[in-house]
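Heads up: the structure comes next, in structure tokens.
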Amino acid sequence: ITMTSNWCCVSLLLLCLVISSRARDAGVLYEVWHTPSALAMQAVIAQGAQPLTVERVVRSNGTLTLNDVFKPYNVSGNIYNTEPAELGFYCLYRHRDGDPSPASPDCPNITKTATRHAKILAEAGFDYVVADITNWPVNTSVTDVAVIRPTEVLFEEWLALRNQGIATPQIATWPCSPNNSNTWQVLLDHIYNNASYSDLIYSQDGKFVVFLPDNPHCFDPDVQAMIESNGGRNNIKTIKMWALFGNGSYTQGSWGFFSPCTVDNTNKYTTSMLNDNACNQFVSINSTGQVDEVSASSAYMLSQCSLPFASPGHMRGLTIQRLFKKVLAQSAPHLFVSSFNELIGGRQAPATGSNLGFNMGLPNDPQRAQVWVDTYAAEFSRDFEPSVEAGDKVYQVMKSCVLMYKAGQTCEQAPTELCCTTEDKQVFANVWSLGLINEGTLLTNSSAEKDDLVKEGWSEICNPITGPSDFCVNTSLKDGRRGPFILYNQALDNTTPLYRCLRAKPAFHTISTHADCEGLGTMESVIGYIATQRGNEMLRGLNRCQGDGENVIHSLDLACDGPTELLGFVR
């Protein structure tokens with residue numbers, strides 16, 4: 001959509017000023033699925049217990065386990081990664097008027113939740129939310145409690161706010177719609193065909209929008225045609241949307257609900273953020289060959305996000321910043337962001353044979369082998385909703401970026417915007433691990449030194465999980481303890497220096513948190529700074545392997561084969 005306005009200004013010089021602006025809209029993935037888990041958390045609180053999240057369990061450094069979240073209180077649910085700020089463990093289910101036997105108790109404080117969300121999303125520049133219904137193709141009582149009724153309640157609450165003159169985003173839905181599905185029909189009947197919601201439903205080209213997963217398990221062209229027909233009304237536009245499907249689908253018009261950074265001049269995705277390469281995520285191309293949509297996200301995953309380097313994490317907003325470089329440069333008519341409030345997410349067995357196939361920071365947890373896929377703890381989450389554990393830093397960066405996109409600005413024009421500042425985000429450093437027969441292992445924060453050592457015969461020790469491009473990846477590795485990691489490049493609160501030390505005879509490298517290397521050798525360099533507490537940005541334990549002749553100097557999150565000393569925490 002292009003809007004051009006002209007004002008002819010008559011002056012002594014008879015100048016005419018033409019101001020052109022292009023309409024842009026921004027959408028965000030929004031979850032309504034929290035009811036069973038939120039009610040379980042509220043049952044824990046009702047028993048006088050401190051509610052636990054994944055992040056709180058990780059920060060306990062083994063004092064607590066994931067079993068402590070629900071089991072002592074005889075309730076069950078999906079474990080929250082963090083606790084939402086101000087609202088606590090909210091949900092949106094409310095029984096329908098006249099329902100004699102609701103399938104679930106009503107959620108408390110619904111109006112407070114809906115009002116707060118409308119406010120912070122509108123203030124951040126979002127024009128619409130997309131209710132994620134991609135896991136519920138068939139309408140059952142479970143589907144109704146999880147997504148259909150909460151979506152209806154969101155419409156009810158935001159319509160009431162609009163009737164009071166309070167701004168809210170519009171709403172669209174994203175149902176899984178394969179052959180023989182019917183959730184889409186319920187959404188059409190209850191929401192899209194309800195005339196009172198006509199101004200609240202997100203529209204394009206004069207038609208209400210239904211997003212459809214560009215996924216063979218959730219898409220059928222005949223169902224798409226029925227949705228677009230809407231019983232002969234012909235008032236629905238469908239947009240296919242998914243992620244990690246390669247550039248071909250983007251060029252055919254599919255939207256990405258997130259689009260990872262790519263490696264320069266390739267179609268390969270990457271989770272590496274600490275380099276000067278352009279992020280260059282794929283963009284959606286419309287039927288006229290124009291860029292239609294660009295996506296950005298707080299984080300994303302290329303494998304199961306709780307595994308090392310499968311996700312870049314938030315990195316204090318660096319991931320958002322890098323993705324928005326292309327968003328701001330393209331100034332496409334549509335921006336889509338993932339995501340606001342997933343909070344719980346799914347878990348599954350690890351997709352790696354490596355001994356690092358467990359949730360980072362929980363090496364000894366009894367539930368270690370059920371790993372999170374889409375969102376993990378406070379740092380490795382796509383969410384930007386403010387949380388008790390992590391605050392609102394990521395929300396503020398996202399808000400800055402979205403408002404810049406809406407205004408058509410770039411960082412050259414607004415370098416002091418949070419979307420553009422770098423000193424507050426570029427506080428991390430890569431650390432490569434290298435090995436050489438009879439020389440043991442060596443750690444370096446210099447890619448140039450790493451390249452020189454490789455030329456001299458050293459071997460880079462790889463990460464066993466798909467994701468990074470700054471580090472090598474070898475998915476056949478069974479032992480990933482000696483691999484690369486990330487730490488801080490400067491002294492921050494609750495950090496300590498990490499030194500590289502060299503013993504001359506026999507030549508042997510080690511690491512220490514003391515400048516005198518504790519008598520183990522001479523200090524060669526400061527590698528960086530490691531956290532003194534587990535959690536937030538640094539989840540993995542950095543262990544020093546001890547003993548004369550020990551060829552391995554460090555082990556990540558797991559014990560060494562010999563004596564083991566925990567020095568601090570990295571990522």
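The values are calculated or read from the model by the stated rules, or taken from the named source; none is laboratory data. All figures in this text were calculated on a predicted structure; none of them were measured in a lab. We place every Cβ from the backbone using ideal geometry, glycine too, and count neighbours over all the protein chains shown. Each accessible area value is taken on the protein alone, full model and side chains, heavy atoms only, with ligands, DNA and RNA left out. Shrake-Rupley method; radii C 1.70, N 1.55, O 1.52, S 1.80 Å.
Miscellaneous remarks
- Bridges between two residues of the chain, per DSSP, are antiparallel at a rate of about 65%.
- Radius 12 Å from Cβ of Leu318, net charge of other residues (Lys, Arg +1; Asp, Glu -1): +1
- Taking other residues whose beta carbon is less than 14 angstrom from the beta carbon of Val394, and scoring Lys, Arg as +1 and Asp, Glu as -1, yields -3.
- Point-charge dipole on Cβ atoms (K/R +1, D/E -1) for region 189-267, about Cα centre, debye to 20: 100
- Extension gain from Thr416 to Val142, taking 0.36 nm per residue of separation minus the Cα-Cα distance: 93.9 nm
- Over all other residues within a Cβ to Cβ distance under 15 Å of Gly457, the charged ones net out to -4, with Lys and Arg as +1 and Asp and Glu as -1.
- Segment Asn215-Ser459, extension gain: residue separation times 0.36 nm, minus the distance between their alpha carbons: 83.8 nm
- Fraction of accessible area attributable to carbon and sulfur, region 287-409 (%, probe 1.4 Å): 47
- Accessible area of the chain divided out per residue, in Å², using a probe of 1.4 angstrom: 40
- In straight-distance terms, cross-link reach from Lys478 covers every one of the lysines whose alpha-carbon lies under 17 Å from its own, apart from those fewer than eight places away in the same chain; here that gives an empty set.
- Set Lys207/Lys268; Lys112/Lys240; Lys112/Lys237; Lys119/Lys393; Lys326/Lys425; Lys237/Lys325 screened for pairs whose C-alpha atoms are more than 26 Å apart: Lys207/Lys268; Lys112/Lys240; Lys112/Lys237; Lys237/Lys325
- Dipole of region 243-327, positive end: most advanced residue of Ser298, Gln252, Phe282 [Cβ charges, Cα centre]: Ser298
- Förster radius 25 Å - calculated FRET efficiency between Glu123 and Asp199, Cβ distance, rounded to 0.05: 0.80
- Check: the chain dipole with +1 on Lys, Arg Cβ and -1 on Asp, Glu Cβ, in debye: 220
- When region 212-284 is reduced to its Cα atoms, the Kirkwood hydrodynamic radius in Å: 14.0
- Within region 183-242, antiparallel bridges make up roughly 25 percent of the DSSP beta bridges whose residues both belong there.
- Eligible aspartates and glutamates near Lys450 by straight Cα distance, threshold 16 Å, same-chain separation 8 or greater: Glu439, Glu460, Asp470, Glu524
- Taken as Cα centroids, region 141-169 and region 44-88 sit 28 Å apart, rounded to the nearest whole angstrom.
- Sequence-distant aspartates and glutamates (8 or more away, or on other chains) whose Cα lies within less than 17 Å of Lys399: Asp25, Glu123, Asp127, Asp383, Glu385, Glu417, Asp424
- Most to least packed among 202-213, 380-391 [average Cβ atoms within 10 Å]: 380-391, 202-213
- Along its principal axes, the chain has C-alpha extents of 83, 76, 43 angstrom, given from the largest down.
- Estimated D of region 406-480 in µm² per second, where Rh is the Kirkwood radius over Cα pairs and Stokes-Einstein applies at 25 °C, 0.890 mPa s: 161
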